[in-house]
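One structure below.
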Amino acid sequence: MKTYILLALVLLLIGCVEIQKYELSNQAVLLTKSLPGSNLIAIDALVHDGLADESTPGIRNFIQTLLVKGTTKHNATELALILDQIGSFGAATGEDHLELQFKVPKENFEAALELLSEFLTEAIFPEEEIEKERVRILEAIKTQEDNPTEALSNRLLEQLYPGHPYGRDALGTKDSVQKITREDLLQYYKTHYTAPRLIISIVGSINASVKEQVETKLGGLPINEPVISPLPTPKPKLGKGTHLEKDITDNWIGIGYPAPKVTDSDRLSVAMLNSVLGGSMGARLFTNLRDKQGLAYSVGSTYAPLESQGHLILYIGTHPHNQEKALKGLLLEAKKLREEPPDDEEFAQALNKTLGNFMLNHETVLDQAAYLARYEALGLGYEYDEKLPEELKKVTPKDVQLAAQKYLKKGTAVIVGPR
């Protein structure tokens, strides 16, 4: 009951504030949400540029790390000082987009817009900074290879998406990162970071002139769109099992299944399936494999509904002598959900957990700005963020069983263990 009361309050706050959508003169999209009681403003700038768009694996991540390393107006040291003074800044490359985020006091809003404009239109990619970042990225790739959970995830994605961009890591490979030149970076930046691919979401203590402010600062973005090749249809290697040997003492086991993309009609049924199966400490995998059988150091499931495909992964970390039992345990829990829907009590608990996570994920102005931009970019529309809780409540236990029967049939497995 507490969850529903809190959710109602959150939805009241979300729903009672009107969100405005504008198209700027250069075709960029602007979303605004005014929160007069806040002293903060969040900016989420999302460039709709994903793994599928990369000319060279890892080039988007390389660019993202270098945006703060020099523009026509400021060098790396100056940019670091300015960012430290005006508020917080973050940047990340996802499977389907690049995201730049600011959270600043309202009096620093113009300064944040100015920096966003610099990052999107005036980055210069200094040669010495490129080489520094190249070393850091290669170190990150090596660290990832040595991490058993990262190695597990990456190999599962390779098997779920062979020959498909989603099967690649955003960092790129050692070979691809070594080959990227300053000319490559500049060419990609100029052709891909363009206005028609940009969605800017601004939430907080904004005023009536916000559209004009954004237009002034970002109206200079180019309007050309890059030519992108059509995506191949993923052909997952279902039924395949791979064993990776590492210098570790534990076993990490994962089973991956193809799942709905973000705009598919049964996406929320699979989201609730994930919540029932392994989305929390009260879910089946944790309760049955860790609490009751003592098989797991870590156990759970994750669902990633991406733009052109999705995947669901069940995972467990266990002692090597429990490997066979743990793998069978994951498969058994998937089988049980195919054969029988969750009971009302279990389903209600999973729904409460999912709705609770929705609230936690909207606590800050930056969270709210990010979700508006992401849903707009992925084709669901910014309005979907407000509708999501009520849509989740329409899912039934039977829907979860039907989703399990459709998607938890044949997967692809990876075991990472000691040599």
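Nothing in this text is a laboratory measurement; each read-out follows from the coordinates by a stated rule. Just so we're clear, the structure is a prediction, and the values are computed from it rather than from any experiment. Backbone-built Cβ (ideal geometry, glycine too); neighbour counts: all protein chains shown.
Quick notes
- The chain - convex hull of alpha carbons, volume per residue in Å³: 146
- Charge tally around Leu218: other residues with Cβ under 13 Å, Lys/Arg +1 each, Asp/Glu -1 each, net -4.
- Placed amide H near Leu35: partners under 5 Å, 5+ positions off or other chain: Gly204, Ser205, Ile206
- Separation between Cα centres of region 147-203 and region 308-361, rounded to whole Å: 29
- The label point for Lys325 and the one for Asp343, both projected 7 Å from the Cα toward the Cβ, are 2.6 nm apart.
- The slack in the chain from Ser298 to Leu81, taken as 0.36 nm per residue of separation less the alpha-carbon distance, amounts to 74.1 nm.
- Measuring max minus min along each principal axis, the C-alpha atoms of region 295-419 give extents of 49, 36, 27 Å (largest first).
- Potential lengthening between Ser55 and Glu245 on full extension [0.36 nm per residue; Cα-Cα distance subtracted]: 65.2 nm
- Our helix-only sum for the chain, with -39,500 (n - 2.57) per DSSP H run of n ≥ 4 divided by its residues, gives a mean residue ellipticity at 222 nm of -14000 deg cm²/dmol.
- Summed residue charge, Cβ within 15 Å of Leu40's Cβ, Lys/Arg positive, Asp/Glu negative: -2
- Nearest-ten-degree value, helix 365-377 long axis tilted from longest Cα axis of the chain: 80
- Between Glu128 and Glu215, the simple label model (points 7 Å from Cα in the Cβ direction) yields a spacing of 4.2 nm.
- Pairwise FRET efficiency - Met359 versus Asn224, Cβ, R0 = 41 Å, nearest 0.05: 0.50
- Residues whose amide H falls under 5 Å from that of Lys246, counting only those 5 or more places apart or on a different chain, are Gly417, Arg419, with hydrogens built in the peptide plane.
- Formal net charge of residues neighbouring Phe109 (Cβ-Cβ distance under 12 Å; K, R +1; D, E -1): 0
- Under 20 Å from the Cα of Lys106 - aspartates and glutamates, other chains or at least 8 residues apart: Glu18, Asp44, Asp84, Glu114, Glu118, Glu212, Glu215, Glu363, Asp367
- Positive dipole terminus of region 241-418, leading residue within Leu392, Leu330, Tyr371 (C-beta point charges): Leu330
- Mean separation of Cα pairs under 8 Å and 6 or more residues apart, divided by the residue count, gives the chain a relative contact order of 23 percent.
- Nearest-ten-degree value, helix 148-160 long axis tilted from longest Cα axis of the chain: 90
- Amide H contacts of Asp96 (H built 1.01 Å from N, in plane; Pro and chain starts excluded): Leu51 sit under 5 Å, all sequence-distant by 5 or more or on other chains.
- Listed by Cβ neighbour count within 10 Å, with the fewest neighbours leading, Met281, Met272 appear as Met281, Met272.
- Measuring between alpha carbons in the structure, the pairs from Lys211/Lys393; Lys174/Lys409; Lys261/Lys387; Lys179/Lys261; Lys179/Lys410 lying more than 29 angstrom apart are Lys211/Lys393; Lys174/Lys409; Lys179/Lys261; Lys179/Lys410.
- At R0 = 35 Å, FRET efficiency that the Cβ-Cβ distance of Thr181 and Asp367 yields, to 0.05: 0.40
- Taking all pairs of distinct alpha-carbon atoms in region 24-121, Kirkwood radius in angstrom: 14.6
- Counting only alpha carbon atoms, the long axis of helix 323-339 and the longest principal axis of the chain meet at about 90°.
- Efficiency of FRET from Cβ geometry, Lys336 and Lys235, R₀ 25 Å, rounded to 0.05: 0.30
- Per-residue ³J(HN,Hα) for region 123-135, Karplus 6.51 cos²θ - 1.76 cosθ + 1.60, θ = phi - 60°, Hz, x for Gly and Pro: 5, 10, 6, x, 4, 5, 6, 4, 5, 4, 5, 4, 4
- Considering only Cα atoms, the convex hull volume of region 17-218 works out to 137 Å³ per residue.
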